[in-house]
Structures are given as C-alpha cells and as structure tokens.
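Here's the structure, in structure tokens; my notes come after.
The values are calculated or read from the model by the stated rules, or taken from the named source; none is laboratory data. This structure is a prediction, so every number in the text was calculated from the model and none was measured. FYI the Cβ positions are ideal-geometry reconstructions off the backbone, even for glycines, and counts take in every protein chain you see.
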Amino acid sequence: MVELQNVSVTYAGGVDALNNVSLKINDGDFAFVVGSSGAGKSTMIKLLLKEIDATSGVVTVNGYNLSKLKKRKIPEFRRTLGFVFQDFRLIPSMTVYENIAFVLRVLDAPLKYIRKRVPYVISLVGLHAKTNSYPDELSGGEKQRVAIARALVNDPQLIIADEPTGNIDPELSYEIVELLKGINDQGTTILMVTHEHDLVRHFGGRIINITGGEIVYDEVLTGTNAELLPEVELAQAMENAEVQQSDEYSMPAGDGSDYGNPYVDDVIAAITNTSNDNGGVE
Amino acid sequence: MKISGIKYLANQGVENIWKNKMMAFATFCVLLISLLLVGCSALFYINMNSMILGLGDQNEIAVYVDTDTPQERVDEIGEQLRNLDNVSNVKYISKEEAYNRMQNQISQGKEIFNYIDDYQFMPDGFSVTVADNDQIRATVDAIKRIENIQKADSSPQVAEFLRELRRVVTLIAGAVIIALAAVSMIMISNTTKASVYARREEIQIMKYVGATNAFIRTPFFVEGLVTGFFSGAGAFFITWAVYRSVYNILMEQGMLINAFGAGSIIPFADIRVICGLVYLLVGALAGAFGSTVSTRRHLDV
C-alpha cells in the first residue's frame, strides 16, 4: 500500500516540486501516474524510493513510514519493492541471469532457490533464450523485460515503473504494460508513471494526473482495449480540465479518494464525448 | 550472511577485475609505481644509513709503533692501550697484515710489490676503537704519551661529519618518503575514484534493489585487495632485479667500497623477506582501502 498524506517537497533552490499531495493506492491496485515534464512525477517516485525526504507530510509505503525510516533500514524497505526504469538500469557487466539473481543474492536467498526462481521469472517474461546474454546484446524491449523480471523476482508487494515504455517501440509498449497487468492480476500493486496517453486509454485503470506539483485528476477509467482518442484530443481534454481546475476549483486536501470533484467530471465528460465515436469510454 | 554469500561477493570482486580490466590495469600500474617510488626511496635511505654507520666504524685511531720495537714491548703497548679510558677495543695489526692490507688497497701498479718481498719495513700497529667519539681527541693525546708510539691518527671531524651527514640524510629521506607516500596516496585515490566513478550507476542499481553498503563495498574491497597484492608482487620483483644489479655493480668496484663505505650496502638476501612482506601488505591494503573509500560518495542514494 502507498499513502501520501499532505506531502510537500521543496527543493533547496526554493522550487516546490510537490504541494500538499494526498494519495492512497491500495494493495492490488494498478495506477497510472500521468503529467507533463516538471509536473512532479519524478519527485513522487524519488519519495517512494526514499531517495529524497518530504519537506512535510507523511509517506507510507508497504507499511514503512518513510518520514521516520532510519538510513540503515532503507535497504530492508527497498527489498519490499520492485522498480522498472525508463533507462532499464541493468548492470552491464552481468548477464540476464546474473542481473536478476543479484536481487536474490542481496536477500541472501539460498542458492537452490535462486537456481529455481530466476529461470522461472526469465521464462515469465519470455527471455529464456537470452539467459546468458549481456544487456548490450538485447533490444530495448528485451532489456525492459529483464528489468521487469528483476522487479518481479523477489515477489515484491509493490512495483514502481517509471516510464517503462519511454525507450522502446510503441508496439512493444503494449507488450510491456500487458506484462505489468499480468503481474498485477497476481496481486502485486503496480504504480506506473507514463506520458503515453494512448496506453492509459487502452488499458484503463486508476489514472492520477499530477500538474504543477498537485494531483489535479484521480479517477478510475475502464480501458477500451482499442484505439480510442487520438493523442491530441485526450491531451487537449486533460489540459482543459487542468485549466478549469486552476481557474475555478481548488483540490481538497484529502486522501486522494475524493473522486467527486467537479473538474474531474468535466474531464470524463470530455473524454466520453470525444470517444463515443470510437467505441466509448465508461 | 551465509558462507555462500561471502563466497559470492569475493568471487564478484575477482570477476570485476577481469570485467573492468582497463581500470583494473590502471589501478595496478599506479599502485606499482607508487610502491616502487616509496619502496626504493626507503631502501636507498636504509642503505645510506648503513653506509654512514659503516664509515663511522672506520673512524678508529690508527696507532703505529716504532719500527724497531721488540715484540715483547709491542705486546705491552697493546696492554697499555686496553687500559686507557674510552677505549672499547684494541686490535693488533702485525707488520705482515699491514703489508697485505696495503697490497689490497692499491689497485693499480701492483707490480711494485714484485720488488718488495719483505714486510719488515712496515711498523707494527693497533686499531683502537673508542667508546665515545666526542672524546677521541683526549684519547689520541693519551696514546701519544705512551713510549715507543710513532704516530696515532684519528679524524674526529670525520665522526662529526658522519653524524651530521646521517642526520641530514635522515631528514631529507624522511621528507622525500613522506612526500612520495602522499603523492602516491593521491594517485591511488584518484585512480580508484575514477574506477568506481565508471561504475557509479552499477552502485546505484544495487542500492535500489536493497543492497546494504557492506554488500556493495565487499566486492570493491576484494577487487582492490587483489589488484594491490599483485602490484606489491610486481614491485617486489622489479626491486629485486634492480637491487641485485646495482649491488653487483657496486661490489665489483673495490675502490668505491673502501672510499664510500659501499661495503656496508645490505645484500638483498638479508632484506628479501621483509621487503616482500611489506610490499604485498602495503599494496593490498592501499588497493583495498582506496577502492572501498572511493565507493562512499556513491552510496548515498
């Protein structure tokens, strides 16, 4: 479970990266976090990884209160997470097998278990033939699947995926999200940061839009599993909603479960109206 | 941590040397050069010191007895010398021994000895070693007062010069060794930093998957330890080869041995074990700690 309570982050230069953000993601959820560059998405990821501390507010991840977490406890906390990054972050000097096994080595898992578990997760992501390849010998999609296997191998409660489709071909992006969805179906919470609106439309789920360090949109949408809105239209709809929000409404400081905000309705209406022609979004 | 975990980290350290062979080679070279610089300076100092001490030993009083003194009287003089204050040792040098010494000291024109086959023209003598060099002048005066003494030679200024020389050499050598050690530390630190910097992302990834600092550092420690050990071994063999060559060249120069006390140069066999151990230990420790300390700034993720 991820919970942010009135969290603000102000960087040393006085830049407010997150402003009084409240959010709750329950166990087993799949949530997309969307937003433009500089909106505060990366700051949120850094917070959740305990890379930075909140200036104020409380961040709780997998039962760890990160605001009070001692430095020596950080490794223990991170072992409850899986992460997938846009730039894969695989260790170049290690093979696919070694990159994945490394996580279990960190956990001091028995060798017998490692030898059984690693080939299993490699087969889950369909890279059995590449077990002994080095990252440099893999395509972008394959690298990302290795990263997902690595995130999965220690059976984490939560996987944080930061733009996992950002460096791969669009057609492979669907494959990657399908893979994450499959993992989510097994009960793992997934938090995926993306700027690819068509993916969000296609798969649906909980969508959290961060703009200017604030959550301006937090809603559960049903995926269409089909090509729906042209990219420009969805972006326009979201943008309109953000403008309206800043002009007319102020977000209540809550736990993020307050979906009754009128501006959200405007966004849904905009999406629904535009997409009706293409098959409809509920 | 389980034994298998420790074995894994140690293996990782050794494998990393091969995987990052260029940086490992750079670290090896820097450590090797640093060890050679400091090691050779230290050996140079040790030998200079030994040579100066050797020259100091030669600062004895040479006592010559009148040529026609009977042997009984010569023996008495020997006894009188032993009874003097500040005399620690008295060595009798017979006419024959003095003649042989003269032959050895002359390297050119030895043919002259073909015409001198009698050593009776040489005086009997004594080599008197004093306990306190500072009082050598008073001792010489006392010896000169003994009957049948032809000559008593000493060079107190040589003793003082040697003492001063030893002090200066110690100071200069100490400063040079400290400076070289400092330069070496900077060189080692920079090289290991560059080596670790090239793998900073690797360290970050390890941190993200929940590796502890000790888990991340151990392979770097092992890597530095092994690289440093081989640098130490390399430095030892180079020192051995160079030292032996220089030693043999100097030993062939008989005049040099006598004039500068080169005879006091320590044979490598006498210092081989200690030299090897120091090289290996210092190399391994410098490599291990340089490498481990350099990871510190990248661990704060």
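Could you tell me whether residue A:98 is surrounded by fewer than 20 Cβ atoms within 10 Å (Cβ to Cβ), without any contact (Cβ under 8 Å) to a residue 24 or more places away in the chain and within 25 Å of residue B:19 (Cα to Cα)? Can you show your working first?
On the way: surrounded by fewer than 20 Cβ atoms within 10 Å (Cβ to Cβ): yes; without any contact (Cβ under 8 Å) to a residue 24 or more places away in the chain: yes; within 25 Å of residue B:19 (Cα to Cα): yes.
Spelling it out, residue A:98 is indeed surrounded by fewer than 20 Cβ atoms within 10 Å (Cβ to Cβ), without any contact (Cβ under 8 Å) to a residue 24 or more places away in the chain and within 25 Å of residue B:19 (Cα to Cα).
Out of (1) free of Cβ contacts under 8 Å to residues at least 24 places away in the same chain; (2) crowded, with 21+ Cβ neighbours inside 10 Å, what's the single condition that is false for residue A:59?
(1)
Of all residues in the stretch A:66-87, which are surrounded by fewer than 17 Cβ atoms within 10 Å (Cβ to Cβ), closer than 20 Å to residue A:188 by Cα and either in contact with a helix residue (DSSP H, G or I) (Cβ under 9 Å, 6 or more places away or on another chain) or not acidic (Asp, Glu) (or both)?
Scanning the stretch A:66-87 gives a single hit, A:80.
Run down B:234, B:224 and say which single residue is modelled with pLDDT of 95 or more, more than 22 Å from residue B:52 (Cα to Cα) and surrounded by 14 or more Cβ atoms within 10 Å (Cβ to Cβ).
B:234
Quick check on residue B:289: is it over 24 Å from residue B:34 (Cβ atoms) and either modelled with pLDDT of 95 or more or assigned to a helix (DSSP H, G or I) (or both)?
Taking the combined requirement at face value, the residue does not satisfy it.
Could you please find all residues in the stretch A:204-232 being at pLDDT below 80 and buried (at least 21 other Cβ atoms within 10 Å of the Cβ)?
Within the stretch A:204-232, A:228, A:229 meet the criteria.
What number of residues in the stretch B:193-216 are at the interface with chain A (Cβ under 10 Å from one of its Cβ atoms) and modelled with pLDDT under 85?
The number of residues fulfilling the criteria is 3.
Name the single residue, out of those in the stretch B:165-192 being hydroxyl-bearing (Ser, Thr, Tyr) and within 19 Å of residue B:292 (Cα to Cα), that is farthest from the other protein chains (Cβ to nearest Cβ).
Here the residue is B:184.
Just one of (1) more than 30 Å from residue A:11 (Cα to Cα); (2) modelled with pLDDT of 70 or more; (3) not acidic (Asp, Glu) trips up residue A:260, so point out which.
For residue A:260, the failing item is (2).
Among A:145, A:89, A:115, A:78, which is the only one that is more than 13 Å from chain B (Cβ to nearest Cβ), of a type in the set (Lys, Arg) and without any contact (Cβ under 8 Å) to a residue 60 or more places away in the chain?
A:145
Would you please name the residue that is surrounded by the fewest Cβ atoms within 10 Å (Cβ to Cβ), looking only at residues in the stretch B:264-286 that are among the hydrophobic types (A, V, I, L, M, F, W, C) and not in a helix (DSSP H, G or I)?
Among those residues, the one meeting the criterion is B:266.
Scan A:182, A:187 and give me the residue that is closer than 21 Å to residue A:83 by Cβ, surrounded by fewer than 23 Cβ atoms within 10 Å (Cβ to Cβ), out of contact with any strand residue (DSSP E or B) (no Cβ under 9 Å at 6 or more places or on another chain) and in contact (Cβ under 8 Å) with a residue 24 or more places away in the chain.
Numbers: A:182 fails: in contact (Cβ under 8 Å) with a residue 24 or more places away in the chain.
Testing whether each residue is closer than 21 Å to residue A:83 by Cβ, surrounded by fewer than 23 Cβ atoms within 10 Å (Cβ to Cβ), out of contact with any strand residue (DSSP E or B) (no Cβ under 9 Å at 6 or more places or on another chain) and in contact (Cβ under 8 Å) with a residue 24 or more places away in the chain leaves just A:187.
Identify the single condition in (1) closer than 29 Å to residue A:145 by Cβ; (2) part of a helix (DSSP H, G or I) that residue A:87 does not satisfy, given that it satisfies every other one.
Failed condition: (2).
Which ones in the stretch B:146-164 are at pLDDT below 85 and either within 12 Å of residue B:60 (Cβ to Cβ) or out of contact with any helix residue (DSSP H, G or I) (no Cβ under 6 Å at 6 or more places or on another chain) (or both)?
Of everything in the stretch B:146-164, those that are at pLDDT below 85 and either within 12 Å of residue B:60 (Cβ to Cβ) or out of contact with any helix residue (DSSP H, G or I) (no Cβ under 6 Å at 6 or more places or on another chain) (or both) turn out to be B:153, B:154, B:155, B:156, B:157, B:158, B:159, B:160, B:161, B:163, B:164.
Quickly run through the stretch A:27-74 and pick out the residues that are outside any loop (DSSP other than H, G, I, E, B) and over 15 Å from the mean Cα position of the chain (by Cα).
A:56, A:57, A:58, A:59, A:60, A:64, A:65, A:71, A:72, A:73, A:74
Filter the stretch B:86-127 for residues that are in contact with a Lys or Arg (Cβ under 8 Å, 6 or more places away or on another chain) and at pLDDT 85 or above and give the result.
B:90, B:93, B:123, B:124, B:126, B:127
Would you check if residue A:151 is within 14 Å of chain B (Cβ to nearest Cβ) and out of contact with any Phe, Trp or Tyr (no Cβ under 9 Å at 6 or more places or on another chain)?
So residue A:151 fails the test.
Against the condition assigned to a helix (DSSP H, G or I) and either out of contact with any strand residue (DSSP E or B) (no Cβ under 7 Å at 6 or more places or on another chain) or farther than 21 Å from residue B:33 by Cβ (or both), how does residue B:175 come out, does it pass?
yes
Which one of the conditions (1) within 14 Å of chain B (Cβ to nearest Cβ); (2) surrounded by fewer than 16 Cβ atoms within 10 Å (Cβ to Cβ); (3) on the phi > 0 side of the Ramachandran plot does residue A:126 fail to meet, given that it meets all the rest?
Just one mismatch for residue A:126, condition (1).
Could you check residue B:143 against (1) within 14 Å of another protein chain (Cβ to nearest Cβ); (2) modelled with pLDDT of 80 or more and say which number it fails?
(1)
Among the listed residues A:107, A:138, which satisfies the condition of being within 29 Å of residue A:65 (Cα to Cα), surrounded by fewer than 24 Cβ atoms within 10 Å (Cβ to Cβ) and either within 14 Å of chain B (Cβ to nearest Cβ) or in contact (Cβ under 8 Å) with a residue 12 or more places away in the chain (or both)?
Details: A:138 fails: within 29 Å of residue A:65 (Cα to Cα).
It is A:107.
Quick one: which residue in B:64, B:45, B:8 is surrounded by 16 or more Cβ atoms within 10 Å (Cβ to Cβ) and free of Cβ contacts under 8 Å to residues at least 40 places away in the same chain?
Of the residues listed, the single one that is surrounded by 16 or more Cβ atoms within 10 Å (Cβ to Cβ) and free of Cβ contacts under 8 Å to residues at least 40 places away in the same chain is B:8.
Please specify each residue of the stretch A:148-176 satisfying the condition of being part of a helix (DSSP H, G or I) and in contact (Cβ under 8 Å) with a residue 40 or more places away in the chain. Write out each step before concluding.
Keep residues of the stretch A:148-176 that are part of a helix (DSSP H, G or I), which gives A:148-153, A:170-176.
A:148, A:149, A:150, A:151, A:152, A:153 - these are the residues of the stretch A:148-176 that are part of a helix (DSSP H, G or I) and in contact (Cβ under 8 Å) with a residue 40 or more places away in the chain.
What number of residues within the stretch A:92-104 satisfy the criterion of being over 16 Å from residue B:8 (Cβ atoms) and either in contact with a strand residue (DSSP E or B) (Cβ under 6 Å, 6 or more places away or on another chain) or within 8 Å of chain B (Cβ to nearest Cβ) (or both)? If you could, list the steps in order and put the result at the bottom.
Taking the stretch A:92-104 and keeping what is over 16 Å from residue B:8 (Cβ atoms), we get A:92, A:96.
Right, trim to either in contact with a strand residue (DSSP E or B) (Cβ under 6 Å, 6 or more places away or on another chain) or within 8 Å of chain B (Cβ to nearest Cβ) (or both) and you get A:92.
Of the residues in the stretch A:92-104, 1 are over 16 Å from residue B:8 (Cβ atoms) and either in contact with a strand residue (DSSP E or B) (Cβ under 6 Å, 6 or more places away or on another chain) or within 8 Å of chain B (Cβ to nearest Cβ) (or both).
Mind listing just one residue for me: the one in the stretch A:65-75 that is more than 12 Å from residue A:4 (Cα to Cα) and of a type outside the set (A, V, I, L, M) and, of those, farthest from the other protein chains (Cβ to nearest Cβ)?
So, considering only residues that are more than 12 Å from residue A:4 (Cα to Cα) and of a type outside the set (A, V, I, L, M), the one farthest from the other protein chains (Cβ to nearest Cβ) is A:68.
Residue under question is residue A:77, and the condition is that it be of a type outside the set (A, V, I, L, M), closer than 14 Å to residue A:159 by Cα and assigned to a strand (DSSP E or B); does it hold?
No.
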